[in-house]
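Here's the structure, in structure tokens; my notes come after.
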Amino acid sequence: MNTPILSAAGIGMTFESASGPVEAIGNVSFDLREGEILALVGPSGCGKTTLFNIITGLLAPSRGGITIASDRAGQDVGYMLQKDLLLPWRSVIDNVILGLEVRGMARDKARAIARDLIEAYGLKGFEDARPGTLSGGMRQRVAIMRTLAFDPAVVLLDEPFSALDFQTRTLLQQDVARIISERRKSAILITHDIGEAITMADRILVLSNRPSTVIRTMDIQIPRDARDPVALRSDQRYNDYFVSIWQDLQLPVVGAA
Amino acid sequence: MTHVATTERDAPARAPAAPAKRWEVRLPPPRMILAGQVILLVAILGLWQIAISLGWIEAYLYGKPIGIFVTGWEMMRSGTLFRDMGLTAFEAVSGFLIGTISGSVIGLALWLTPTGSAILRPYMIALNGLPKIALGPLIIIWFGIGLGSKVALAALITFIVALIAAQQGAREVDSDLVKLMRSLGASRLRTWRTVIVPGAMPWIVSAFRLNVGFALIGAVVGEYIASNQGLGYMIAYAGTLYDLDAVWVGIAALMVVALLMYGAIDWCERRLIRA
């Protein structure tokens, strides 16, 4: 539980713009421990998307670097976005096997893996449905299965539920957190939703406005299996976490005003 | 899904409200629609014939429906109409197939070479804006006055349209999908096959529709410029003789060819895009 599977050391990002350099990320360091869900919470415009691109390897940081303890070269990070990015012309099962197919696994073998996932996580009977016929919540379920089927070392969740309605979002937050721990995956959740971070994460990093730095690290002491939506909201610790993160996020705004 | 069911069950209770009803679109049965379509045609032809008979307009300037039917019937009996239709349809269809398929394939392939696309970009914009029939005389000189030049003109026009549509379609595919494929470790070629080609398909198929019209333009204009058979030749020739009934027969025959081609495209579209 204590070996870091991913380390971000002194990440900084400066963009060149017409009006001179813009510092998006000041200095962000963190370790993701094996089996943990780590949430990065910050105000909008704190460089979350930039950080996402750096962690996935789509963007090289100006300073610092990411190290991933994984025996597989490349494709260490699987991600899930607000957009489900399902291919509308493929059935649910063929969307789930996308990553396996790219890796060159035989279709039958890949489908067997996908079928197990689909059955385990409540979409049995929808294997051959087209994504267009599914609800937003079901589509996001397919998206997380696609990520897990590929078996990445780290799962990166970038505001994956923000397009869903409140009820679906609440249920899915719980489900996805459960699926990730059942599969013994380590995950980073990038979000601006404080409640979501407390519901899903073991640890929360609060980021400041740009140029972003980590202003607080907080361990969530509520056991993950005791976090159902109703119980959480009547738990005094939930409120305490919420209030202190909320206050952290207000600081830079007050300072700027 | 439960949501939809609930709304439907609630609907009858709210139905009597007048404002909701105003926007309800309910088509009459298909038989009635067909009847309406026939009546419209008969009414136009009837009015036209009456206008000629009463001397409101001159038959030699406009043609007349009865004359059109007589001329058409004679041309069908002698077989010349079907020969001309067949020839023009053959030119248009072969040009369409050659141009649309090669244009779509090359347009899609350009996604694989961003440098190539960047180099070709201004030329493609210029070609897209060019009225392609301006190329007619060149094509006649290169391919002669026979069948080849008509096929070549139809192919050239449809090639440009398909090329640009396919390239645009490939570019419109969600860039996050491309990123996703990259994160899964897919090669560029793999991404092209798995995401770009199917994703661009709606654009390509909509270019098929445009190209039915363009292929016919290519064939008919080719025949206008230099030919001794085909519907384009027949229309142009009848026009010089002021035989407007024959001109109308040619136009009607072209419409029939176009309708048949659209029917074929509809059939392909249903097979290519299964939503």
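Derivation of every value follows stated rules applied to the coordinates shown; laboratory data play no part. Every value quoted in this text rests on a predicted model; they were computed, and no experiment measured them. Neighbour counts run over all protein chains shown; Cβ positions are idealised from the backbone, glycine included.
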Quick check for me: using +1 on Lys/Arg Cβ and -1 on Asp/Glu Cβ, what's the dipole size of the range A:81-151 about its Cα centre, in debye to the nearest 20?
140 debye
Within chain B, what is the longest stretch that has no GluC sites (Glu not before Pro) placed in a DSSP loop and near at most 15 other beta-carbon atoms within 10 Å?
B:59-275
Only Lys, Arg, Asp and Glu count, each charged at its Cβ (+1, +1, -1, -1), so figure out the dipole size of the range B:77-187 about its Cα centre, rounded to 20 debye.
120 debye
Which value, in debye to the nearest 20, gives the size of the charge dipole of the protein assembly as shown about its Cα centre, when Lys and Arg are +1 and Asp and Glu are -1 at the Cβ?
500 debye
Cα gyration tensor shape for the range A:153-197, rounded if a/c is under 1.5, else prolate or oblate
oblate
Label model pair B:V256, A:S17: point-to-point distance (7 angstrom along the Cα→beta-carbon line) in nm is 6.6 nm
Positive-pole candidate from A:G45, A:F126, A:S17, dipole of chain A, charges at beta carbon:
A:F126
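Where does the charge balance sit around A:R33 when Lys and Arg score +1, Asp and Glu -1, over other residues with C-beta under 15 Å from its C-beta?
Working: positive: A:R184, A:K185, A:R203, A:R224; negative: A:D31, A:E34, A:E36, A:D202, A:D219.
Overall, the nearby charge balance is -1.
Please arrange B:T158, B:T194, A:T14 by counting, for each residue, the other beta carbons lying within 10 Å of its beta carbon, fewest first.
Working: B:T158 32, B:T194 19, A:T14 16.
Sorted ascending by nearby Cβ count, the order is A:T14, B:T194, B:T158.
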Within 10 Å of each residue's Cβ, count the other Cβ atoms and sort A:D108, A:D248 from fewest upward.
A:D108, A:D248
Within the protein assembly as shown, how many Lys pairs sit with Cα atoms under 25 Å apart, leaving out pairs fewer than 8 places apart on the same chain?
11
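For the range B:67-274, just say rounded, prolate or oblate: build the C-alpha gyration tensor, square-root its eigenvalues into a ≥ b ≥ c, call rounded for a/c under 1.5, and beyond that prolate if a/b exceeds b/c, oblate if not. Intermediate values should be presented prior to the final figure.
Values: a/c = 3.54, a/b = 2.14, b/c = 1.65.
The shape class here is prolate.
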Do any trypsin sites (Lys or Arg not before Pro) in the range A:184-252 lie in a loop, going by DSSP, with at most 14 other beta-carbon atoms within 10 Å of their beta carbon, and if so which?
A:R184
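Around A:R139, under 12 Å between beta carbons, what's the net of Lys plus Arg minus Asp minus Glu among the other residues?
On the way: positive: A:K83, A:R130, A:R141, A:R146; negative: A:D84.
Taking every Cβ under 12 Å from that of A:R139, the sum is +3.
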Please identify, among A:A197, A:A149, A:A226, the residue showing maximal mean-square fluctuation in a Gaussian network model of chain A using a 10 angstrom Cα cutoff.
A:A226
For B:M234, A:M138, B:M76, which order do you get if you count the other beta carbons within 10 Å of each Cβ and list the fewest first?
B:M76, A:M138, B:M234
May I ask which residue of A:P211, A:I179, A:A226 lies farthest towards the positive end of the charge dipole of the range A:145-237, with charges of +1 (Lys, Arg) and -1 (Asp, Glu) on Cβ and the Cα centre as origin?
A:P211
Out of A:Q247, A:Q173, A:Q82, any idea which swings most in a Gaussian network model of chain A, alpha carbons joined below 10 Å?
A:Q247
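How do B:136-144, B:34-42, B:244-252 rank on mean C-beta neighbours within 10 Å, highest first?
Details: B:136-144: 15.7, B:34-42: 10.6, B:244-252: 21.0.
Descending mean neighbour count gives B:244-252, B:136-144, B:34-42.
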Please name which of B:I39, B:M85, B:I119 has its Cα lying farthest along the dipole of the protein assembly as shown towards the positive end, using unit charges on Cβ (Lys, Arg +1; Asp, Glu -1) and the Cα centre as origin.
B:M85
